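Report on the following structure.
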């Protein structure tokens with residue numbers, strides 16, 4: 001284990017009722033379809049004393065099928081911050097029309113494969129199998145349409161973007177997350193990430209516990225009161241604690257019960 005602020009085995013003092021924010025894929029869900037029962041049980045126990053949120057790269061549409069019944073009503077952040085759901089109401093931050101046109105131009109000029117989400121429906125074009133597509137609209141809640149038919153772009157994933165295309169994308173001022181292991185680039189609107197979405201849900205920086213596992217969680221980790229990284233991603237350098245998948249449930253229990261008891265490490 002690795003610690004950013006304290007000993008790896010120390011459990012810090014937490015305020016009672018501090019929100020816990022959980023990433024999904026690679027953090028609390030490892031097969032793309034459902035969360036392990038022991039993690040669901042730990043989050044459910046945590047919920048007895050703390051607000052719970054899920055914050056994912058998935059759009060809200062693709063988060064819904066993964067959530068167990070007992071956690072189906074919790075607030076959600078999707079699309080790395082482009083979507084929020086609170087009290088059943090979904091808010092969407094979209095790319096501006098000019099940025100949308102520029103993204104389309106880059107896709108066409110460099111013949112990039114893509115997956116684009118609007119507020120609900122989606123569009124994709126690929127020429128080979130892509131793991132991320134296995135998680136798209138698993139419950140059949142939306143429609144696949146041509147990208148020209150999408151009312152807005154809220155989240156864009158590009159496959160196989162080289163250095164030249166990345167340089168042009170960077171000029172657009174959008175939020176870019178690069179995932180080399182999957183050969184994809186994840187785009188969100190300018191200044192949109194999980195941390196800004198938490199602010200929109202009235203959860204300030206420094207006032208939540210975050211569990212995550214990859215580059216999408218970087219800003220959330222930077223702004224967390226305490227950050228837990230699952231696995232050996234580079235983002236673990238920003239975490240207070242790095243754990244294995246097998247330790248997720250016990251880490252949730254330790255942090256949430258400590259907060260409830262106001263135990264000083």
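For the reader, a short list of remarks on this structure follows.
- The chain: angle of helix 97-109 to the longest principal axis, Cα-based, in degrees nearest 10: 70
- The chain, relative contact order [Cα under 8 Å, separation at least 6], %: 27
- Over the stretch 97-188, relative contact order from alpha-carbon pairs under 8 Å, at least 6 apart, %: 30
- Point-to-point label distance, residue 247-residue 139, nm (Cα→Cβ direction, 7 Å offset): 3.3
- Given their separation in residues at 0.36 nm each and the Cα-Cα distance between them, residue 232 and residue 125 gain 35.4 nm when the chain is fully extended.
- Legend: ranking of residues 45, 219 from fewest to most surrounding C-beta atoms inside 10 Å; resulting order 45, 219.
- Debye log10 I(q)/I(0) at q = 0.12, 0.14, 0.22 Å⁻¹ for the stretch 158-242, Cα point scatterers: -0.40, -0.53, -1.04
- Semi-axis lengths, Å, the stretch 97-188, gyration tensor of Cα atoms, sqrt of 5 times eigenvalues: 20, 16, 11
- Extending 7 Å from the Cα toward the beta-carbon at both residue 89 and residue 146 defines two label points whose distance is 3.6 nm.
- Compared with the alpha-carbon gap, the fully stretched path from residue 202 to residue 41 is longer by 55.3 nm at 0.36 nm per residue.
- Seen against the Cα atoms of the chain and their longest principal axis, helix 248-261 is set at about 50 degrees.
- For the chain, the longest principal axis of the Cα atoms and the long axis of helix 37-47 meet at an angle of about 70 degrees.
None of the figures in this text is laboratory data; all of them are computed from the coordinates on show. Only a predicted model underlies this, so the values are computations on that prediction, with no experimental measurement involved. Every residue, glycine as well, gets a Cβ built from its backbone with ideal geometry; the counts of neighbours run over all protein chains shown.
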